[in-house]
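Colleague: Can you read through this structure? Questions will come right after.
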Amino acid sequence: MAIIVPSKESLRAAALWIREGGLVAFPTETVYGLGADATNGIAVARIFAAKGRPRFNPLIVHVADVAGLDGLAEVGGLARRLARAFWPGPLTLVLAKSRDCPVSELATAGLPTVAVRIPSHPVAQALIRAAGRPIVAPSANRSGRVSPTTAQHVVDDLGAEVMVLDGGACRHGLESTVLSLAGASPTLLRAGAITAEMIEAVLGVAPKTGEPATPDRPSAPGQLASHYAPNAPVRLMSAGERPKDGEALLAFGPEPPETSGPRFNLSPEGDLEAAAARLYEGLRTLDALKPRGIAVAPVPATGLGAAINDRLKRAAAPRS
Ligand code: TXA
Ligand code: MG
C-alpha cells in the first residue's frame, strides 16, 4: 500500500476503503490527515489506536461544503459569515451538534459540540465527495509528535501499512485555526493560518483566547502543553543567543546566530508564511540528525508568527 498517486481510480479505491471502515491518509492545505468515516465508531476507534491518541481528545469532521453540515452541526449567523470568508480553507469551527448528529460519540469525545472544517485541497475535496461521508481526520502522526507535511512523513510516523494519497508538500504547514462558537463568545482554541486579526475583521470583535489545558485538566482538548515534539529536546533561545555544543539550530531570517553545528533556516528572507510551511520539515530534518538538542532562534510573534510560536512553545514544553 503506502504512498499512492491520486487518480480517478485510486481516489475511488480510497473512498471505498473509507466506506468499509478503513483508514486513508490524505493531504490538506494545512497538514496530512488520517481519515476515517466519521459515522463509523469502529473506524474512528482505529484512528485513536493508530495514533496512540488519548480518547478524551476529539477529532475534526471534514466535509466538502457547507451543505455537508446539514444534520450534523448547528450553523448560526457567525458561522455563516466565517464560512463565507474562510471556507474552504484552514479554519475549524467548534459548533453545537445537531440533534441526531450521525458523527460517532468517540469522535466528539462525548461532547455536545463538534469541530468541523471544509478543506480546500483538491485531493481532500475529491476524497470526501467520493466517500459521500463526513470524514474525521486528525493529523497523520503519532500523538504528541510533529505533524506530517508530506506523504513520506506519514509513512515515517505510521508505517508503510497505511494508505497515503500523495498531494505533495502542504501549503500552510500548520494545523488549522480552531475557533469555538459554542460558548458565549467566539474563543480561539488553536492558532493557525487564519489569525485572530483576520477573524476580528470578519466578526467585528476579537476572539477570546482559550485556556490551555493540562494533562489533569484536559477540558480544552488538544491544548496540551507538550505537543508537536520531536525526539530531541527543544530550547527556545532569546535574541542574540547562540546554540550550545551539540545543539542543532532552527533559524529564521537573514542574520541567523552563528553556529558550527547543523542548521535549518525556516526562511532566510524572514517570511512568516514560508517559515510556517517549513516548520515541521525543519524540526524533522534536524531531529533525524539526532542532535543533543534543537535550539530555536526567535520568530516574531506578529500575524502568522503567533501560530508558529504556539507550536514552538509546545514543542519545547516539559514532557510528561
Ligand atoms: O489542520 C487540521 O486541522 C488538521 C487537518 C488534517 O485537517 N487536523 C488536525 O486534527 O490538526 P487534530 O486532531 O490534530 O487536532 C484537532 C484539534 C484538537 O486540538 C482538538 O482538541 C480540537 O481540534 N477539537 C476537536 N473537537 C473539538 C471540540 N468539540 N471542542 C473543542 N476542541 C475540539
Ligand atoms: Mg494533531
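The values are calculated or read from the model by the stated rules, or taken from the named source; none is laboratory data. This one's a predicted model, so the numbers in the text were calculated from it and none came from an experiment. As a convention, Cβ positions derive from the backbone with ideal geometry for all residues, glycine included, and neighbour counts pool all protein chains shown. Surface areas here come from the heavy atoms of the whole protein model, side chains and all, with no ligands, DNA or RNA. Shrake-Rupley method; radii C 1.70, N 1.55, O 1.52, S 1.80 Å.
Colleague: Determine if the range 120-132 includes at least one residue that is surrounded by fewer than 24 Cβ atoms within 10 Å (Cβ to Cβ) and modelled with pLDDT under 95.
Modeller: The answer is no, given that none of the residues of the range 120-132 is surrounded by fewer than 24 Cβ atoms within 10 Å (Cβ to Cβ) and modelled with pLDDT under 95.
Colleague: Further question: Would you mind telling me which numbered condition in (1) out of contact with any Asp or Glu (no Cβ under 9 Å at 6 or more places or on another chain); (2) assigned to a loop (DSSP other than H, G, I, E, B) residue 261 fails?
Modeller: With respect to (1) out of contact with any Asp or Glu (no Cβ under 9 Å at 6 or more places or on another chain); (2) assigned to a loop (DSSP other than H, G, I, E, B), residue 261 is out only on (1).
Colleague: Of all residues in the range 54-75, count the ones that are within 14 Å of ligand 1 (Cβ to nearest atom), among the small types (Gly, Ala, Ser) and touching a residue at least 60 places away in the same chain (Cβ under 8 Å).
Modeller: Count: 1.
Colleague: Can you tell me how many residues within the range 173-190 are part of a loop (DSSP other than H, G, I, E, B) and surrounded by 22 or more Cβ atoms within 10 Å (Cβ to Cβ)?
Modeller: 6
Colleague: Taking the criterion of being surrounded by fewer than 19 Cβ atoms within 10 Å (Cβ to Cβ) and more than 16 Å from ligand 2 (Cβ to nearest atom), would at least one residue in the range 48-64 satisfy it?
Modeller: No.
Colleague: For residues that are closer than 17 Å to residue 100 by Cα and either not in a loop (DSSP other than H, G, I, E, B) or not basic (Lys, Arg) (or both), tally how many sit in the range 110-134.
Modeller: Number satisfying all stated conditions: 8.
Colleague: Tally up the residues in the range 133-163 that are modelled with pLDDT of 95 or more and away from ligand 2 (no atom under 16 Å from the Cβ), please.
Modeller: The total comes to 6.
Colleague: Which of the residues spanning the range 130-144 are more than 9 Å from ligand 1 (Cβ to nearest atom) and touching a helix residue (DSSP H, G or I) at 6+ places or on another chain (Cβ under 8 Å)?
Modeller: 130, 131, 132, 133, 134, 135, 142
Colleague: On the given criteria, is residue 88 away from ligand 2 (no atom under 16 Å from the Cβ) and either farther than 21 Å from residue 199 by Cα or open to solvent by 10 Å² or more (accessible area, probe 1.4 Å) (or both)?
Modeller: So residue 88 fits the description; yes.
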